[in-house]
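K.L.:
Below: one structure in structure tokens.
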Amino acid sequence: MKVEVCFTHDPRNRHVPRDLLLEPPVAAHRPSKRFRLRVRNSDEVDRARALRLPLHRVGPEDLACFGFPMTFPPVLVVASSISKAVDTPLGVVVFHAEEAASRPRLEDLVVVMLRIDPLIARGLVLRHAAFLSPAQLLKRILQEDVEEEATLVRLQEFCPGLPPKGEPLPREELHRQDGNAWTEGRL
């Protein structure tokens, strides 16, 4: 299975610049079939991952194994290269980095949670700092353009190179939240 990108002709366009848009050569044998990916549940996510498609599912059980039992609707993390070809009733988080969508690390889970619940993302960073690479976390935050969410929960404390963007929550409130964050389990 390979990902192919093409442009389609919009019926409202009367003029197609032929010097810019070229028609691909048509093979003399059978043409390639085009498919869309339909993902409705975690079994289908696993089957799609077996085809080496850059996506994964993040659900409450993923956070529970890191000591944060909470409920939220599962989300499908999809690489931007295939995001337009995926049909799913799940919430979708698009990652620019295909590697992060294919083989997620703890830093990638933090980035997903920055979009869902920034306080939980901060809790993950705080409780599992020994397993995080600050350089990798900084890279992922910048790649996925979630600097504002990271600044909101003051992740600059863990990633000193992270440029501030927007207004952070008050330091005292965050530190009180850190002390009250209930976690159970170990990595």
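The values are calculated or read from the model by the stated rules, or taken from the named source; none is laboratory data. What you see is a predicted model, and the numbers here were worked out from it, not measured in a lab. A quick note on method: Cβ atoms are made from the backbone with ideal geometry, for glycine too, and the neighbour counts reach across all protein chains shown. Heads up: the accessible areas ignore ligands, DNA and RNA and are worked out on the full protein's heavy atoms, side chains in. Shrake-Rupley method; radii C 1.70, N 1.55, O 1.52, S 1.80 Å.
K.L.:
Going by the conditions given, is residue 134 more than 15 Å from the chain's Cα centre (by Cα) and more than 16 Å from residue 65 (Cα to Cα)?
P.N.:
Working: more than 15 Å from the chain's Cα centre (by Cα): yes; more than 16 Å from residue 65 (Cα to Cα): yes.
In short, yes.
K.L.:
Given the criteria over 24 Å from residue 37 (Cα atoms), crowded, with 16+ Cβ neighbours inside 10 Å and among the hydroxyl-bearing types (Ser, Thr, Tyr), does residue 151 qualify? Spell out the reasoning first.
P.N.:
Numbers: over 24 Å from residue 37 (Cα atoms): yes; crowded, with 16+ Cβ neighbours inside 10 Å: yes; among the hydroxyl-bearing types (Ser, Thr, Tyr): yes.
Yes, satisfied.
K.L.:
While we're on this one: Taking segment 118-134, which residues are in a helix (DSSP H, G or I), farther than 15 Å from residue 146 by Cα and among the small types (Gly, Ala, Ser)?
P.N.:
Hits for segment 118-134 are 123, 129, 130.
K.L.:
Now, a different point. Taking segment 75-94 only, how many residues are outside any helix (DSSP H, G or I), over 12 Å from the mean Cα position of the chain (by Cα) and either basic (Lys, Arg) or surrounded by 14 or more Cβ atoms within 10 Å (Cβ to Cβ) (or both)?
P.N.:
5
K.L.:
Please tell me if residue 101 is open to solvent by less than 30 Å² (accessible area, probe 1.4 Å) and either under 17 Å from residue 149 (Cβ atoms) or outside any helix (DSSP H, G or I) (or both).
P.N.:
Numbers: open to solvent by less than 30 Å² (accessible area, probe 1.4 Å): yes; either under 17 Å from residue 149 (Cβ atoms) or outside any helix (DSSP H, G or I) (or both): no.
In short, no.
K.L.:
Only one of 176, 115 is open to solvent by 70 Å² or more (accessible area, probe 1.4 Å) and either part of a loop (DSSP other than H, G, I, E, B) or out of contact with any helix residue (DSSP H, G or I) (no Cβ under 9 Å at 6 or more places or on another chain) (or both). Can you tell me which?
P.N.:
Working: 115 fails: either part of a loop (DSSP other than H, G, I, E, B) or out of contact with any helix residue (DSSP H, G or I) (no Cβ under 9 Å at 6 or more places or on another chain) (or both).
Exactly one residue qualifies, and that residue is 176.
K.L.:
Moving to a separate point now. Within segment 85-103, identify whether any single residue is aliphatic (A, V, I, L, M), without any contact (Cβ under 8 Å) to a residue 24 or more places away in the chain and touching a helix residue (DSSP H, G or I) at 6+ places or on another chain (Cβ under 9 Å), and answer yes or no. Give the derivation first.
P.N.:
Of the residues in segment 85-103, the ones aliphatic (A, V, I, L, M) are 85-86, 90, 92-94, 97, 100-101.
Of the ones still in play, those that are also without any contact (Cβ under 8 Å) to a residue 24 or more places away in the chain are 92, 94.
Within this subset, residues satisfying the condition of being touching a helix residue (DSSP H, G or I) at 6+ places or on another chain (Cβ under 9 Å) are 92, 94.
Within segment 85-103 (the criterion being aliphatic (A, V, I, L, M), without any contact (Cβ under 8 Å) to a residue 24 or more places away in the chain and touching a helix residue (DSSP H, G or I) at 6+ places or on another chain (Cβ under 9 Å)), the answer is yes, since at least one residue qualifies.
K.L.:
Considering only residues that are open to solvent by 10 Å² or more (accessible area, probe 1.4 Å), without any contact (Cβ under 8 Å) to a residue 60 or more places away in the chain and among the basic types (Lys, Arg), which ones fall in segment 118-139?
P.N.:
Within segment 118-139, 139 is the sole residue that qualifies.
K.L.:
Oh, and also: Of 169, 142, which residue is surrounded by fewer than 17 Cβ atoms within 10 Å (Cβ to Cβ) and in a loop (DSSP other than H, G, I, E, B)? Step through it out loud before you land on a result.
P.N.:
Details: 142 fails: in a loop (DSSP other than H, G, I, E, B).
One residue alone meets the criteria, 169.
K.L.:
Part of a helix (DSSP H, G or I), modelled with pLDDT of 90 or more and under 19 Å from residue 125 (Cβ atoms): does that describe residue 48? Show your work before the answer.
P.N.:
Working: part of a helix (DSSP H, G or I): yes; modelled with pLDDT of 90 or more: yes; under 19 Å from residue 125 (Cβ atoms): no.
Spelling it out, it is not the case that residue 48 is part of a helix (DSSP H, G or I), modelled with pLDDT of 90 or more and under 19 Å from residue 125 (Cβ atoms).
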